[in-house]
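Reviewing the structure listed below.
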Amino acid sequence: MEINFTAVFVSAIIPLIIGSLWYSPVLFAKAWMKETGLSEEDLKKGSMLKIFGLTYVFSVMLALLLQMLCIHQFGPLGMIGGPQFIENALPSYTAFMNDYGMAFRTFKHGALHGFMSGLFLAFPLIAINGLFERRTWKYILIHSGYWTLVMTLMGALLCGWV
């Protein structure tokens, strides 16, 4: 069970795709801009290469974590010390992986864990920051809804890509 870097790099595009829709006039652009105090002129400022480039880098980091959270087989791999120790693992590890190596490796299972990560990681983090920054619940729900959807889709792709 090694990290699927192809799935990681592809799933890291999901926040950019969903963000382009979520924060567009089709969905929440007006509400988001009002809640953040941003104008159309403000959004034209800054380096888009820097913003999108760093977003992708941070999304790769998120994908690496989500892959560990969504795929249960990484637990036994961690118990033997990591992929570099597979060849020296006890026969029980090989037996476990033969029996359960592909268990719960579905898009549906990954979506469940991605959703739970969004609900129980992203939402509380955004809500805590929002409360201290005196933001509205609308602000908190726009951002946490975005991250919950993104993490659901990323989890599905990362876990189901076999």
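One table, with the values for the structure above:
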read-out: Residue identified as within 19 Å of Val162 (Cα to Cα), of a type outside the set (D, E, K, R) and surrounded by 13 or more Cβ atoms within 10 Å (Cβ to Cβ) among Gly118, Gly114; value: Gly114
read-out: Qualifying residue in segment 18-30 (condition: in a helix (DSSP H, G or I), over 28 Å from Phe120 (Cα atoms), open to solvent by 60 Å² or more (accessible area, probe 1.4 Å) and out of contact with any strand residue (DSSP E or B) (no Cβ under 6 Å at 6 or more places or on another chain)); value: no
read-out: Residues within segment 84-141 that are part of a helix (DSSP H, G or I) and either under 19 Å from Leu64 (Cβ atoms) or among the hydrophobic types (A, V, I, L, M, F, W, C) (or both), tallied; value: 31
read-out: Leu43 modelled with pLDDT of 95 or more and not β-branched (Val, Ile, Thr); value: no
read-out: In segment 8-17, the residues that are surrounded by fewer than 20 Cβ atoms within 10 Å (Cβ to Cβ) and assigned to a helix (DSSP H, G or I); value: Phe9, Val10, Leu16, Ile17
read-out: Single residue of segment 123-156 satisfying the filter (more than 21 Å from Ser24 (Cα to Cα), aliphatic (A, V, I, L, M) and open to solvent by less than 30 Å² (accessible area, probe 1.4 Å)) that is nearest to the chain's Cα centre (by Cα); value: Ala156
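The values are calculated or read from the model by the stated rules, or taken from the named source; none is laboratory data. All figures in this text were calculated on a predicted structure; none of them were measured in a lab. Don't worry about glycine lacking a Cβ; one is built from the backbone with ideal geometry, like all the others, and counts go over all protein chains shown. Note: accessible area is taken over every heavy atom of the protein model, side chains too, but ligands, DNA and RNA are not part of it. Shrake-Rupley method; radii C 1.70, N 1.55, O 1.52, S 1.80 Å.
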